1. Can you tell me the length gained on complete extension of the stretch ALA85 to ARG21, counting 0.36 nm per residue apart and subtracting the Cα distance?
2. Over the chain, what is the mean sequence separation of C-alpha contacts under 8 Å (at least six apart), divided by residue count, expressed as relative contact order in percent?
3. Pull out the extension gain between THR47 and GLU33, defined as 0.36 nm times the separation in residues minus the alpha carbon to alpha carbon distance; nm, one decimal.
4. Would you work out which of GLY79, ILE52, LEU19 lies farthest towards the positive end of the dipole of the chain? Charges go on Cβ: Lys and Arg +1, Asp and Glu -1.
5. What number, rounded to the nearest 500 deg cm²/dmol, is the helix-based mean residue ellipticity at 222 nm of the chain, given -39500 (n - 2.57) per DSSP H run of at least four residues and division by all its residues?
6. Magnitude of the Cβ-charge dipole of the chain, K/R +1 and D/E -1, about the Cα centre, nearest 20 debye?
7. Scan the stretch 16-79 for GluC sites (Glu not before Pro) in coil per DSSP, keeping those whose Cβ has at most 12 other Cβ atoms within 10 Å, and list them by number.
8. Compute the long axis of helix 42-66 from its Cα atoms, compare it with the longest principal axis of the Cα atoms of the chain, and write down the angle in degrees, 0 to 90, nearest 10.
Amino acid sequence: MTTSDTPVRGYTASKDQLLARLRRVEGQVRGIERMVEDDRYCIDVLTQISAIQAALDKVALGLLDGHARHCMHEGAAEGRADEMATEMMAAVGRLMKRG
């Protein structure tokens with residue numbers, strides 16, 4: 001924790017980049033909404049959905065990386081390595097259960 005009691009997360013150092021990436025994804029989702037409103041070709045809409053899924057996967061991988069390098073490191077130092085590993089593997093499992 002910092003002196004202002006704001007928690008330091010694994011993504012804290014790249015928070016601005018993360019937020020920018022999420023705003024881009026948000027814009028892409030709005031674009032798909034317009035495509036549907038405009039009765040665009042199904043495959044074109046699906047292609048854009050695939051692009052959004054890939055972008056979100058990249059966000060998720062970045063978060064997992066930060067979690068492994070920062071949060072799990074801190075958890076291990078506090079004697080919670082097994083708990084943290086179980087938690088992370090559950091998150092990975094949820095990410096892989098799509099479709």
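Every number in this text was worked out from the coordinates using simple rules, so none of it is lab data. These numbers come from a predicted model, not from an experiment. No Cβ is skipped: glycine too gets one built from the backbone with ideal geometry, and neighbour counts run over all protein chains shown.
1. Values: separation 64, 0.36 × 64 = 23.04 nm, distance 2.68 nm.
Value of the extension gain: 20.4 nm.
2. Values: 45 pairs, mean separation 32.2, N = 99.
Rounded, it is 33 percent for the chain.
3. Numbers: separation 14, 0.36 × 14 = 5.04 nm, distance 1.33 nm.
Length difference between fully extended and current span is 3.7 nm.
4. Farthest towards the positive end: ILE52.
5. Values: 4 runs with 70 residues, N = 99.
The per-residue figure over the chain is -24000 deg cm²/dmol.
6. On the way: 14 positive and 15 negative charges, 40 e Å.
With Lys and Arg at +1 and Asp and Glu at -1, about 200 debye.
7. Values: sites: GLU26, GLU33, GLU37, GLU74, GLU78; in loops: GLU78.
Those that pass, being in a loop and sparsely packed, are GLU78.
8. Relative to the chain, helix 42-66 is tipped by roughly 10 degrees.
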